[in-house]
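Structure, as C-alpha cells:
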Amino acid sequence: MSTHLDATSMSADELIIAYLDNELDAAAKLAVEDRLNRDAAFSKRFEFLAANAVSMDAAFSVLLDDAPVERMKAKLPALDQVGQSAASPNRRGFMAAACLIAGAIVGGCLVRLLSPDEAASSRNWRAVVADYMQLYSTDTLNNLSDDPAVRADQIARVASVMQLPLTTQGLMIPGIPFKRAQLLTFDGKPLAQIAYLDPKYGPLALCVTHSSTGKSDFRNERRLGMNVVFWASTDHSFMVIGRNPPEELHTIAGQLRPVLDG
Amino acid sequence: MIADRKLHAAQQEVQSGLVDHLKRLWRYGYVLSRQRDVAEDLVQATCLRAIERAAQYTPGTRLDRWLFSILHSIWIDEVRSRRIRLGGGIVDADCALIVDGEYESETRLMANQVLKLVDGLPEAQRNAVFLAYVEGLSYKEIAEVLDIPIGTVMSRLANARARLADIIAAVKESPLRGRRD
C-alpha cells in the first residue's frame, strides 16, 4: 500500500486527489479523514473536488474504435513471424457501458480503468478493508459529529453514489451507535464505509462496494484478529467487520441486509 | 546459451504482444499529439523500437507500460521537436469527434464533451490524466513511463483535477445545460 509520496509536503489539493485516487498509505488516509472532521475549509474543498470529477473511461473507450488497426497491423515489422495473436480482450467493455449509462460527465468519482487485476481485487477488497479497520481505535470514532443533519447528509451521499436506498433509520443497529458514513475508494471504485462504535468491542463497520460477482449468502471469515461476515447482492458486495464474536456479527448483518437489498 | 534463450523469449513476447496493444498505443499517441496520422506514425515507430530493443524488456512484466514509455519518449525526443507544432489547446472539430457511427448520438456527444475537457488541459497534465484515469496506471507507474518524480505526477494530477472541477462546477450551474429531453 505504501507509496513514495510524502504526505507532509503535499498541498491540500494534492492530498485530496491522492486520497481519492487511493494512492495514500493507511496512515496518511486516516490523517486526511481526521482533517476532514476538523478543518472545514479542507472538507469543503474535498467535497468540491470529489463532486466535480470527470469520468473518462467511457469517452476514451469510444476513441479506441477510431484506431486504424488494420493499417497499423499491416505496417508491423516482421509480422509474419508473429503469427495470429488472439484479439485483445476488451477489459473495459463492461465498465464503459456502466459509465455511459451513469452519464459520462457529471457526478461520481473518477472511474479508473478496470485493471486485469480486477478479479483479484474483488476478492481482495475485504483484505484491504481489514487492513484499514485495523488502524481504527475507539478514539478514531469518538469525536465525530452527532448532528442528525450531518449524518443524514453523509448517508444521502453514500446512498446516491452507491445506488442503495439507505436511510438513517435503516442503518441503525440497536445498542451500537452509528458514527459516520463515508466514501472511500478502492481500485478507483467507490467503497462506502458506515462506521459504528460498539461500547464493548470497539469500531465496527459495514462496507459496500459495487460488484458483479452475483448473489451470495452470508459467509464468515477472520482477518487480522477481526471477524467478518460478507455477502453479495446482484450489484453490490457487503461486509460487516469488527471484533464482535461471529454470531453477533451475523445477527447485525441479518438486521442490515433487508435494508441493503432495497 | 541461457542469455540467448532469454533474449529470444523477450523478443517473442514483444513481437506477439504488440498486436494486442495497437489500439491503446494509437489512442495514447492521439492524446499526446492530437493528430490521428501522427498517432499512427508514433505507433509504427514505437513498434519498430520495441522490436529493436526487445532485449531490454523483461518477460512477464507489463508490456503495455513498457510500450507506453517507448511511445512517450519517441514523442518527446523525435516527433515533437522536429515535426509537431502544438496548437493552443483546441483540437480541430473533426479531430475531436468520434467518427464511428455505431454509437448513439448522445454517447458520442458525451464522449466528445469529455475529450474536449481533457483536450483543454496543458499537455503535461493531459498526459498524466490520461495515464491515470483512462489507462489506470498508478502514480508510480506514471512516474516511470514519463520519467519524472512521483511528486510531479501528483501535482500535475491535482492541478488538472482542480481545473476540471472548476469547469464542471461552472457547467452544472449553467442554466443552459442539462436538459436532455
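The values are calculated or read from the model by the stated rules, or taken from the named source; none is laboratory data. Keep in mind that this is a model prediction, so the values were computed, not measured. Here the Cβ is made from the backbone with ideal geometry for all residues, glycine too, and neighbour counts use every protein chain on show. The area values use the complete protein model at the heavy-atom level, side chains included, leaving out ligands, DNA and RNA. Shrake-Rupley method; radii C 1.70, N 1.55, O 1.52, S 1.80 Å.
Taking a probe of 1.4 Å and counting only protein heavy atoms, give the total accessible area buried between chains A and B in Å², rounded to the nearest 100.
Numbers: alone 14350 and 11580 Å², together 20530 Å².
Using a 1.4 Å probe, the pair buries roughly 5400 Å².
Any idea how far apart A:Gln134 and B:Thr152 come out in nm if each label point goes 7 Å out from Cα toward Cβ?
Label at A:Gln134, label at B:Thr152, 3.5 nm between them.
For the pair B:Arg5/A:Asn124, report the inter-label distance in nm, with labels modelled 7 Å from Cα in the Cβ direction.
The two pseudo-label positions are separated by 3.1 nm.
So what's the net charge close to A:Ile194: Lys and Arg +1, Asp and Glu -1, counting the other residues with Cβ under 9 Å from its Cβ? Provide the component values of the computation, followed by the final result.
Details: positive: A:Lys179, A:Arg180; negative: none.
Computed value for this residue: +2.
How would you classify segment B:21-74 from its alpha-carbon gyration tensor, with a ≥ b ≥ c the square roots of the eigenvalues: rounded for a/c under 1.5, else prolate if a/b is greater than b/c, otherwise oblate? Mind dumping the intermediate values first?
Details: a/c = 2.51, a/b = 1.85, b/c = 1.36.
Prolate is the answer for segment B:21-74, as a/c is 1.5 or above and a/b outweighs b/c.
What pairs from A:Lys179/B:Lys140; B:Lys23/B:Lys116; A:Lys189/B:Lys140; B:Lys116/B:Lys140; A:Lys29/A:Lys189 go past 23 Å between their alpha carbons?
Details: A:Lys179/B:Lys140 34 Å; B:Lys23/B:Lys116 20 Å; A:Lys189/B:Lys140 19 Å; B:Lys116/B:Lys140 27 Å; A:Lys29/A:Lys189 16 Å.
Too far apart for the 23 Å limit: A:Lys179/B:Lys140; B:Lys116/B:Lys140.
Please give the length that would be gained between A:Ala31 and A:His250 if that part of the chain were fully extended, namely 0.36 nm times their separation in residues minus their C-alpha to C-alpha distance (nm, one decimal).
Working: separation 219, 0.36 × 219 = 78.84 nm, distance 3.11 nm.
That works out to 75.7 nm of additional length.
Using a 1.4 Å probe, what is the accessible area per residue for segment A:129-180, in Å²? Walk me through the intermediate numbers first.
Details: 2620 Å² over 52 residues.
With the other protein chains kept in place, segment A:129-180 gives 50 Å² per residue.
How large a share of the accessible area of segment A:138-258, in percent, is made up of carbon and sulfur atoms when the probe is 1.4 Å and the other protein chains stay in place? List each step's numbers first, then the result.
Working: 2700 of 5220 Å².
Carbon and sulfur: 52 percent of the exposed surface of segment A:138-258.
Report, as a whole number in µm² per second, the diffusion coefficient that Stokes-Einstein gives for segment B:124-166 at 10 °C and 1.306 mPa s using the Kirkwood radius over alpha carbon pairs.
Numbers: Rh = 10.0 Å.
Rounded to a whole number, D works out at 159 µm²/s.
Tabulate in residue order the Karplus-calculated ³J(HN,Hα) for segment A:150-156, using 6.51 cos²θ - 1.76 cosθ + 1.60 with θ = phi - 60°, rounded to whole Hz; enter x for Gly and Pro.
Once rounded to whole Hz, the list reads 4, 5, 4, 5, 4, 5, 5.
Taking amide H positions as placed 1.01 Å from N in the peptide plane, with prolines and chain starts having none, which residues 5 or more places from A:Asp198, or on another chain, fall under 5 Å of its amide H?
Those lying under 5 Å, H to H, from A:Asp198 are A:Leu204.
Quick one: length gained pulling B:Ser73 to B:Lys172 fully straight, 0.36 nm per residue minus the C-alpha distance? List each step's numbers first, then the result.
On the way: separation 99, 0.36 × 99 = 35.64 nm, distance 3.79 nm.
My answer for the length gained is 31.8 nm.
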